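Quick note: the coordinates plus some simple rules give every number you see, no bench work behind them. Keep in mind that what you see is a predicted model, and the values were worked out from it rather than measured. Note that we place each Cβ from the backbone using ideal geometry, even for glycine, and neighbour counts take in every protein chain shown.
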Amino acid sequence: MTDDEQTPVTVIGLGDMGRALAGAFLDAGHPTTVWNRTASRAEALAARGATVAATPAEAAAASPLTVVCLLDHGTAREVLGPAAAALRGRTLVDLTNGTPRQARENAEWAAEHGADYVDGGIMAVPPMIGRPEALVLYSGSPAAFAAHERTLGALGTAMHLGADPGRAALYDLALLSAMYGMFGGFFHALALTGSEKIPAAEFTPLAISWLNAMMTSLPAMARAVDSGEHAATGSNLGMQAAAYVNLLDASREQGVATGPVEPMQALLHRGVAAGHGGDGLSRLVELLRVTS
Ligand code: FVH
């Protein structure tokens, strides 16, 4: 079967995300086979035309492409173990969240069983699946990705990051790190303003505007990190370390926990102590490299 035809697809794991993935394949017209530990979660998909397999092995045998989306790496290995023989000569795409090391282990396991392997990271929530704004990162076998790129495009925008199966997980977790850092700071900001009964909805537009303005400095910071040249452009690290103390003092005075903002204070102080007070903030990245 070529990728111009409606490739049959198997989806293993029908949690919130797996059901969205299977639904998108059905919407795109792909014959879709599904399996889930709790069979009742397949009922709505079956009503839309999905075939429900009795076991993961039966599910994998039904299609040239199997997409897995389970709770975690351990669960995926446990579920796929008995399906190993059925995957021979087929492509396994694992969209379960995991680490780069786990993705590389998966690729080795798949190769041992004669399957092509592509790892993936979903940068979207279930309601976004099937729309272009749902970015799905992939890495691993370039040939397998090319063979199934059009089919995987049913889930959203498919981006292949290269042959290293660990690359998609690395990007996924790095993007989540940036996201959680932003959310942590935003939640702390809302607790601070909330300590004086300012409604979150009143403060939030200002936070959005400020964060957008700060976002414009990211490309210059990236260039500084890549070049190792961290010249300050008006706001050096020493000045920011001195001002940051007020963020912690105000939190204590207002009865707000300092936990979310303490790590940056520690990092700023390490930067100053290491003699980088005159540098730009981007210098801090190298202090996070614990193995260097
Ligand atoms: N939902 C989201 O917003 C995010 C978006 C980014 C990617 N993540 C990752 O996707 C994986 C699955 O997430 P999910 O939202 O579908 O998770 P749940 O709704 O909790 O479904 C979990 C599925 O895993 C099955 N499962 C759990 N334990 C076992 C087990 N021991 N044996 C077999 N299957 C198991 C569970 O089955 P069941 O409880 O319905 O029987 C669900 O199919 C995840 O890596 C996210 O980080 C989602």
Inset, instruction - Could you give me the radius of gyration and the Dmax of the chain, taking only the C-alpha atoms into account and expressing both in angstrom? - result: 23.3, 67
Legend entry - Using alpha-carbon coordinates, inclination of helix 100-112 to the longest axis of the chain, degrees: 20 degrees
Inset, instruction - Note down the relative contact order for the chain as a percent, whole number, built from C-alpha pairs under 8 angstrom at least six residues apart. - result: 12 percent
Inset, instruction - Give, to the nearest whole percent, the P(r) tail of the range 171-287 beyond 16 angstrom, counting all Cα pairs. - result: 67 percent
Legend entry - Overall dimensions of the range 3-164 by Cα: Rg and Dmax, Å: 13.8, 38
Inset, instruction - Working from Cα positions, state the angle (0 to 90°, nearest 10) between the long axis of helix 262-273 and the longest principal axis of the chain. - result: 60 degrees
Inset, instruction - Calculate for the chain the 222 nm mean residue ellipticity that helices alone would give, adding -39,500 (n - 2.57) per DSSP H run of length 4 or more and normalising by residue count, nearest 500 deg cm²/dmol. - result: -15000 deg cm²/dmol
Inset, instruction - Could you run the Karplus curve 6.51 cos²θ - 1.76 cosθ + 1.60 with θ = phi - 60° over the range 153-169 and give me ³J(HN,Hα) per residue in whole Hz, x for Gly and Pro? - result: x, 5, 8, x, 7, 9, 10, 9, 9, x, 6, 5, x, x, 5, 5, 5
Legend entry - Most mobile listed residue (117, 171, 180) in the chain, GNM with C-alpha springs under 10 Å: 180
Inset, instruction - Compare the peptides 21-28, 231-238 by average per-residue count of other Cβ atoms within 10 angstrom and give them in order, highest first. - result: 21-28, 231-238
Legend entry - More than 18 angstrom apart: percent of Cα pairs within the range 108-191: 51 percent
Legend entry - Part-to-part distance (alpha-carbon centres) for the range 256-292 and the range 54-72, which is given in Å: 45 Å
Inset, instruction - Give the long-range amide H neighbours of residue 163: residues separated by 5 or more places, or on another chain, with amide H under 5 Å away, using H modelled in the peptide plane at 1.01 Å from N. - result: 140
